[in-house]
Amino acid sequence: MLRLVVAVTVGRLAGFLSRLIGRGGSAIPGLVAEVLDPLVIDKLVASIPGGVVVVTGTNGKTTTTKMLVTALERSGTPVLTNPSGSNLARGVATVLISASRRGRISGYELAVLEIDEAAVSALAPRLAPRLVVVTNLARDQLDRYGELETTARHVGVAVASAKRAVLNVDDPAVMALDVGRSVWFGAVDGIRRTMPHDRLLYDGSGPEVPAVKADALLELADQQGDGQRIRVAIAGSVLDATLRVPGAYNGYNAAAALLAAVELGVDPAAAAASLEEMSPAFGRGQVIEFEGRRVNLLLVKNPSGFNQALRLLTDAPAPAQVLIAINDNHADGRDVSWLWDVRFEDLEGSGHSIGTSGIRAADMTLRLKYSGIESWSDPDLEAALRRTVSAAAEGEVVYVIPTYTAMLSLLQLLLPGAARSEMWT
């Protein structure tokens with residue numbers, strides 16, 4: 001116990017000093033504490049009364065986590081979570097440390113933690129999840145994750161470590177992870193066709209009919225301005241909700257979150273109603289008022305996610321001002337060859353005005369040129385953002401599509417001084 005208390009105390013101090021000198025601190029406390037006590041996560045997790053829920057997968061982790069946390073909190077359950085998106089071991093340790101008192105978690109009934117899919121195989125056995133939610137599996141940042149089979153093995157360890165799993169019935173790679181303790185979410189055929197799983201994304205085959213019936217079935221995903229109206233059949237009821245986030249992919253996230261909430265004892269109708277109150281997680285369909293325009297931020301990091309953003313653009317009224325900002329920092333993935341797997345050809349003839357920015361602006365411009373799309377380019381994010389915004393009329397929607405670190409830089413321009421944890425709420 002003494003070792004744990006010392007690790008937590010020193011970790012907190014390190015975080016305080018990091019913030020004091022302007023270096024942030026979302027992961028520093030956990031990093032320091034794990035050096036002093038490698039079992040700090042295991043020990044603190046053991047004191048959470050309701051256990052741990054893990055949310056993992058390639059796309060949708062942050063939004064699904066926030067949806068589930070919202071449903072649980074509205075039902076009266078105090079939930080500990082990692083809202084800043086710091087989803088590696090050090091980030092999880094930091095969240096646990098922040099909620100601990102005298103070596104125990106205090107004030108929370110349950111923890112809902114977003115976990116990186118490459119880190120989940122090491123973390124899940126330590127967390128002993130009561131429930132694991134797997135959103136989907138797709139190729140993502142080959143330099144970090146390798147091929148999809150490697151990611152699937154990582155996530156498979158998490159599923160095997162959990163007492164119960166909420167899995168995507170429309171994704172064969174996720175279905176293959178089932179060890180007989182699963183419930184399933186999915187969508188009707190018309191929606192499923194807009195959300196190809198990884199194999200269909202690359203070989204062009206038609207969608208397959210799932211072999212298992214979905215316990216939460218997304219029956220409607222209808223765009224409504226910046227959000228969408230959804231309908232989900234679950235637990236013998238058909239529930240409607242209007243989400244404040246766009247895209248059928250967020251309908252899938254909602255179905256996953258609703259099913260997880262029901263598994264945790266939340267009333268289905270109350271869970272659906274809570275989703276209407278939830279604002280977008282930072283950068284995930286978040287709309288920010290900036291200089292009289294409405295900037296819609298759509299984070300991308302892999303072909304499947306980018307294709308869903310392009311689907312929103314093809315449905316948007318033309319002409320719209322669009323900025324694509326590509327960085328290749330460590331958190332983005334150094335290898336940007338995945339841009340060549342994105343269907344940019346779908347934008348040809350859209351009438352949109354497209355600019356590129358970020359560290360790899362030239363690569364993005366070249367990719368668009370090979371798709372038959374002319375674009376302007378400025379690697380300076382602030383200059384590119386202001387050019388994009390100024391080209392739109394007051395009140396119009398401007399679409400900004402960044403990778404992760406580009407998004408963080410853009411958010412500092414759009415919301416000066418805002419911390420990531422503040423953007424989540």
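The values are calculated or read from the model by the stated rules, or taken from the named source; none is laboratory data. Predicted model, so just to flag it, every value in this text is computed and none were measured. Every residue, glycine among them, receives a Cβ derived from its backbone with ideal geometry; neighbour counts consider all protein chains shown.
Conditions (1) basic (Lys, Arg); (2) closer than 18 Å to Asp140 by Cα; (3) in contact with a helix residue (DSSP H, G or I) (Cβ under 7 Å, 6 or more places away or on another chain), marked per residue:
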site: Leu264; (1), (2), (3): no, no, yes
site: Ala271; (1), (2), (3): no, no, yes
site: Ser279; (1), (2), (3): no, no, no
site: Leu297; (1), (2), (3): no, no, yes
site: Pro303; (1), (2), (3): no, yes, yes
site: Ala309; (1), (2), (3): no, yes, no
site: Ala318; (1), (2), (3): no, no, no
site: Arg334; (1), (2), (3): yes, yes, yes
site: Trp338; (1), (2), (3): no, yes, yes
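What number goes with the only condition from (1) modelled with pLDDT of 90 or more; (2) touching an Asp or Glu at 6+ places or on another chain (Cβ under 6 Å); (3) of a type in the set (S, T, N, Q) that Asn302 does not pass?
(1)
At least 1 residues that are closer than 26 Å to Leu148 by Cβ and of a type in the set (S, T, N, Q) in each: list the helices (runs of 4 or more DSSP H) lying fully within region 38-102 that qualify.
Working: elements: 40-45, 61-74, 89-98.
The helices (runs of 4 or more DSSP H) meeting that bar are 61-74.
Read through the list (1) closer than 23 Å to Gln228 by Cβ; (2) touching an Asp or Glu at 6+ places or on another chain (Cβ under 7 Å); (3) outside any helix (DSSP H, G or I), then give the number of the only condition that Asp335 fails.
Result: Asp335 passes all but (1).
Where residues in region 118-130 are surrounded by fewer than 24 Cβ atoms within 10 Å (Cβ to Cβ) and in contact with a Lys or Arg (Cβ under 9 Å, 6 or more places away or on another chain), which of them is nearest to Lys43 (Cα to Cα)?
Filtering first and then ranking leaves Ala128.
Only one of these is closer than 27 Å to Ala152 by Cα and either in the same structural domain as Phe185 (by TED's automatic domain parsing) or not charged (D, E, K, R) (or both): Thr63, Thr70, Thr9. Name it. Lay out the reasoning, then the answer.
Working: Thr70 fails: closer than 27 Å to Ala152 by Cα; Thr9 fails: closer than 27 Å to Ala152 by Cα.
Result: Thr63 is the single residue among Thr63, Thr70, Thr9 that is closer than 27 Å to Ala152 by Cα and either in the same structural domain as Phe185 (by TED's automatic domain parsing) or not charged (D, E, K, R) (or both).
For Arg367, are the conditions met, namely being over 23 Å from Val287 (Cα atoms), in contact with a helix residue (DSSP H, G or I) (Cβ under 7 Å, 6 or more places away or on another chain) and buried (at least 18 other Cβ atoms within 10 Å of the Cβ)?
On the way: over 23 Å from Val287 (Cα atoms): yes; in contact with a helix residue (DSSP H, G or I) (Cβ under 7 Å, 6 or more places away or on another chain): yes; buried (at least 18 other Cβ atoms within 10 Å of the Cβ): yes.
Yes.
On the basis of being buried (at least 20 other Cβ atoms within 10 Å of the Cβ), modelled with pLDDT under 95 and touching a Phe, Trp or Tyr at 6+ places or on another chain (Cβ under 9 Å), does Ala309 make the cut? Show your work before the answer.
Values: buried (at least 20 other Cβ atoms within 10 Å of the Cβ): yes; modelled with pLDDT under 95: yes; touching a Phe, Trp or Tyr at 6+ places or on another chain (Cβ under 9 Å): yes.
Considered against the rule, which asks whether it is buried (at least 20 other Cβ atoms within 10 Å of the Cβ), modelled with pLDDT under 95 and touching a Phe, Trp or Tyr at 6+ places or on another chain (Cβ under 9 Å), Ala309 comes out as yes.
Residues are listed down the side, and each one gets a yes or a no for (1) among the hydrophobic types (A, V, I, L, M, F, W, C); (2) in contact (Cβ under 8 Å) with a residue 40 or more places away in the chain:
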| position | (1), (2) |
| --- | --- |
| Gly76 | no, no |
| Val79 | yes, no |
| Asn87 | no, no |
| Val92 | yes, yes |
| Asp116 | no, yes |
| Leu127 | yes, yes |
| Arg130 | no, yes |
| Leu137 | yes, yes |
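List every residue pair whose Cβ atoms lie under 6 Å apart, where the two residues are 6 or more positions apart in sequence or sit on different chains, the first residue falls within region 334-345 and is closer than 14 Å to Ala309 by Cα and touching a residue at least 24 places away in the same chain (Cβ under 8 Å), and the second residue, located anywhere, is surrounded by 14 or more Cβ atoms within 10 Å (Cβ to Cβ) and of a type in the set (Gly, Ala, Ser).
Every condition considered, the pairs that remain are Phe344/Ser371; Glu345/Ser371.
Based on this model, can you work out whether Thr388 counts as touching a residue at least 60 places away in the same chain (Cβ under 8 Å), within 18 Å of Ala320 (Cα to Cα) and in a helix (DSSP H, G or I)?
Considered against the rule, which asks whether it is touching a residue at least 60 places away in the same chain (Cβ under 8 Å), within 18 Å of Ala320 (Cα to Cα) and in a helix (DSSP H, G or I), Thr388 comes out as yes.
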